[in-house]
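Computed from the coordinates by the stated procedures, all read-outs in this text should not be read as laboratory data. Quick caveat: nothing in here was measured; it's all calculated off a predicted structure. In this analysis, Cβ positions are derived from the backbone assuming ideal geometry, glycine residues included, and neighbour counts consider all displayed protein chains.
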Amino acid sequence: MKIKSFVGTCENALRIQIRTALIAMLLFKWLFHLSQTEWSFSNLVSMLRLNLFIYRDLRDWLNDPFAIEPDIPGFRQLCLFTV
């Protein structure tokens, strides 16, 4: 677990940050287990960070990351006021 610096100074803030890092590591390990690619763990985490805000089916992407095209969500304008 690599925590470079702590955001908070009280004991509760440190516990929350450590638990959050543990949960993130657990999720990454689970995705690494589901992946069918021959990547190392650090490469998978790097690729996930690069594709974090791209719309894709995660399971399909884990199985074949270079063949899956990103989904383009439909544009929908929301109304601020109702008439």
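Restricting segment 15-37 to residues that are of a type in the set (A, V, I, L, M, F, W, C) and surrounded by 12 or more Cβ atoms within 10 Å (Cβ to Cβ), the residue that is farthest from Leu50 (Cα to Cα) is Ile16.
For segment 15-50, give me each residue that is in contact (Cβ under 8 Å) with a residue 12 or more places away in the chain and not in a helix (DSSP H, G or I). Show your work before the answer.
Pass one, segment 15-50, residues in contact (Cβ under 8 Å) with a residue 12 or more places away in the chain: 17-18, 21-22, 25, 28-29, 31-32, 34-37, 41, 44-45, 47-48.
Listed by number, the residues that qualify are Ser35, Gln36, Thr37.
Of the residues making up segment 34-76, those that are over 15 Å from the mean Cα position of the chain (by Cα) and closer than 28 Å to Ile3 by Cα are Thr37, Glu38, Trp39, Ser40. For segment 52-62, the set of residues classified as in a loop (DSSP other than H, G, I, E, B) and without any contact (Cβ under 8 Å) to a residue 12 or more places away in the chain consists of Leu52, Phe53, listed by residue number.
Is it fair to say Asn12 is exposed (fewer than 10 other Cβ atoms within 10 Å of the Cβ), free of Cβ contacts under 8 Å to residues at least 40 places away in the same chain and either in a helix (DSSP H, G or I) or of a type in the set (Lys, Arg) (or both)? So Asn12 fits the description; yes. Only one of the numbered conditions (1) over 17 Å from Leu27 (Cβ atoms); (2) among the small types (Gly, Ala, Ser); (3) surrounded by 10 or more Cβ atoms within 10 Å (Cβ to Cβ) is violated by Gly74, and that is (3). For Pro65, the conditions (1) without any contact (Cβ under 8 Å) to a residue 24 or more places away in the chain; (2) in a loop (DSSP other than H, G, I, E, B) all hold with the exception of (1).
Suppose we filter Leu62, Leu58 for residues that are touching a Leu at 6+ places or on another chain (Cβ under 6 Å) and surrounded by 11 or more Cβ atoms within 10 Å (Cβ to Cβ); which single one remains? Lay out the reasoning, then the answer.
Details: Leu58 fails: touching a Leu at 6+ places or on another chain (Cβ under 6 Å).
Selected residue: Leu62, the only one of Leu62, Leu58 that is touching a Leu at 6+ places or on another chain (Cβ under 6 Å) and surrounded by 11 or more Cβ atoms within 10 Å (Cβ to Cβ).
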